[in-house]
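Reviewing the structure listed below.
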Amino acid sequence: MKFNKYLLLLAFFAGNWQVSPAKKAAPSDSVTLSYFKKNIEQYEKSVMGYPGQGTPLKISQLDQSAKRIWALWKKANTDLSELPEPIMAKPELKAYPVHQWQMKAEDPMPFYYFSKEDQPSTGYPLFLNLHGSGPKIAEFNATIGWSLRYKDAPAIYFIPQIPNERRYRWWFKPEQYAWEKLFRLAMISGKVDANKIYVMGISEGGYGSQRLGAFYADYLAGAGPMAGGEPLRNAPVLNYRNIAFSFQTGENDNGFGRNKLTNRAKVVFDSLQRVYKTGFTHKIELQAGKGHGIDYTKTTPYLIQHVRNPQPAALSWVLFPMDGRYRNGFYNISIDKALGLKEGEELDRAVFDIQMDKSNNTINLEVKLQDGEGLKSAAVKQGEISIFLSPKLMDLSKKVKLMYKGKVVFNAKVKLSDAVLAESCALFGDPERLFPAKIKLIL
């Protein structure tokens, strides 16, 4: 009898000792660093999911966890590559150093990298300035000459030279990889204001900056093509909803229909600005009496007034192909499984419309397939996405409701974790878009 009582007491204490489970260990810094480096190096593929569940977070822990994740992201990048130190532009300086990047499946890309005046406390505005077609050495040097004249200081300029004159396009895949590298390294540099990055260019650089502005709008505060004119299927205006757009072309610049295409862009921007009331900020002008050569000095003073909103509550996204490649994400959306799109097919793009209302913690999402002219559409039949969330977009202490196709597809509290912070960091490489939560959706 005494022996049985002793066994019962042992069982009682053993049970009570096991009531409090061990705390889940936070992922080690080495795991996160390795995850980041693998994602940086596998530039052609979608971002890999974080290895493991990560550590659950409370809202009070988000700032500290985001700082930790960003510090690891910076280390992962600087272990692999960094931007050079920008040289200070001075009137007496006659020559500027030429740097060079090795490219993916392309010849090396030379570039100038210089700053004007002293660095502001928030970092320099950064201009990616693309030159026109022609002998590339002459165009390269002409572009630095104009860049030094523009009244936009303080600023940093990244001026690339086309790697190969036989492939004279700024939007081909190798160049895309270079711009993504530039955004990534600029944002970790400590010298660039992440919310004041702009793309601009003249002639071929105008075509390039118009396409890149639409493709990378979520990284940009503005875009400024000059003496260009893309068909809008190549640079969907909807993607410019939350950034500034400047377009300067000569009224007599009828080569390849540049003046007509510029005017067409103005008509569409004006129309969308009336429909949406906010967004689609633009200044589009046909300069009187001018041909292909225009006054280029109007663009940067206009653009530099505008600051990016990295987490807009309302956004439109045309997921369109550029040199056969589609983005893996935009603002706070990620494509987890492809939607079955292919360049060259009739319905080669998807159009997303998202409204996020923090007052009632509701997200309204619509997605459809569309052709390049916006004349035909169809329902999406495959694909998976994630919608990343932050305290700015939603009250994460309450249930979040997601409406898709007019139906409630999610209505619960979202889980916060450092794994999601790491995934969003690997996807966007952006200190302003570190999201601690996400909702996954099969389309």
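The values are calculated or read from the model by the stated rules, or taken from the named source; none is laboratory data. This one's a predicted model, so the numbers in the text were calculated from it and none came from an experiment. In this analysis, Cβ positions are derived from the backbone assuming ideal geometry, glycine residues included, and neighbour counts consider all displayed protein chains. Each accessible area value is taken on the protein alone, full model and side chains, heavy atoms only, with ligands, DNA and RNA left out. Shrake-Rupley method; radii C 1.70, N 1.55, O 1.52, S 1.80 Å.
Within the span defined as region 420-439, one or more residues are touching a residue at least 40 places away in the same chain (Cβ under 8 Å), open to solvent by less than 20 Å² (accessible area, probe 1.4 Å), under 23 Å from ASN239 (Cα atoms) and assigned to a strand (DSSP E or B). Restricting attention to region 127-143, the residues that are among the polar types (S, T, N, Q) and either modelled with pLDDT under 95 or surrounded by fewer than 21 Cβ atoms within 10 Å (Cβ to Cβ) (or both) add up to 2.
I'm trying to understand the selection: among the residues of region 34-54, which are of a type in the set (Ser, Thr, Tyr) and open to solvent by 30 Å² or more (accessible area, probe 1.4 Å)? Once the filter is applied, which keeps residues that are of a type in the set (Ser, Thr, Tyr) and open to solvent by 30 Å² or more (accessible area, probe 1.4 Å), region 34-54 yields SER34, TYR43, SER46. Among the residues of region 371-380, those identified as surrounded by fewer than 19 Cβ atoms within 10 Å (Cβ to Cβ) and either under 23 Å from the mean Cα position of the chain (by Cα) or part of a strand (DSSP E or B) (or both) are SER377, ALA378.
Only one entry of TRP170, TRP146 meets the criterion of being within 24 Å of LYS298 (Cα to Cα), at pLDDT 95 or above and in contact with a Gly (Cβ under 9 Å, 6 or more places away or on another chain), and that entry is TRP170.
It is to be established whether one or more residues within region 134-148 are over 24 Å from GLU92 (Cβ atoms) and in contact with a helix residue (DSSP H, G or I) (Cβ under 9 Å, 6 or more places away or on another chain). There is at least one residue in region 134-148 that is over 24 Å from GLU92 (Cβ atoms) and in contact with a helix residue (DSSP H, G or I) (Cβ under 9 Å, 6 or more places away or on another chain).
State the number of residues belonging to region 284-303 that are surrounded by 17 or more Cβ atoms within 10 Å (Cβ to Cβ) and either under 22 Å from the mean Cα position of the chain (by Cα) or part of a helix (DSSP H, G or I) (or both). Residues meeting the conditions: 6.
Where residues in region 86-112 are among the acidic types (Asp, Glu) and modelled with pLDDT of 95 or more, which of them is farthest from PHE172 (Cα to Cα)? Only one residue fits best here, namely ASP107.
Of the strands (runs of 3 or more DSSP E) entirely within region 95-138, those holding at least 3 residues that are closer than 20 Å to MET200 by Cβ occupy 109-116, 124-130. Kindly establish whether LEU261 is aliphatic (A, V, I, L, M), open to solvent by less than 50 Å² (accessible area, probe 1.4 Å), over 20 Å from VAL351 (Cα atoms) and at pLDDT 95 or above. Answer is yes for this residue.
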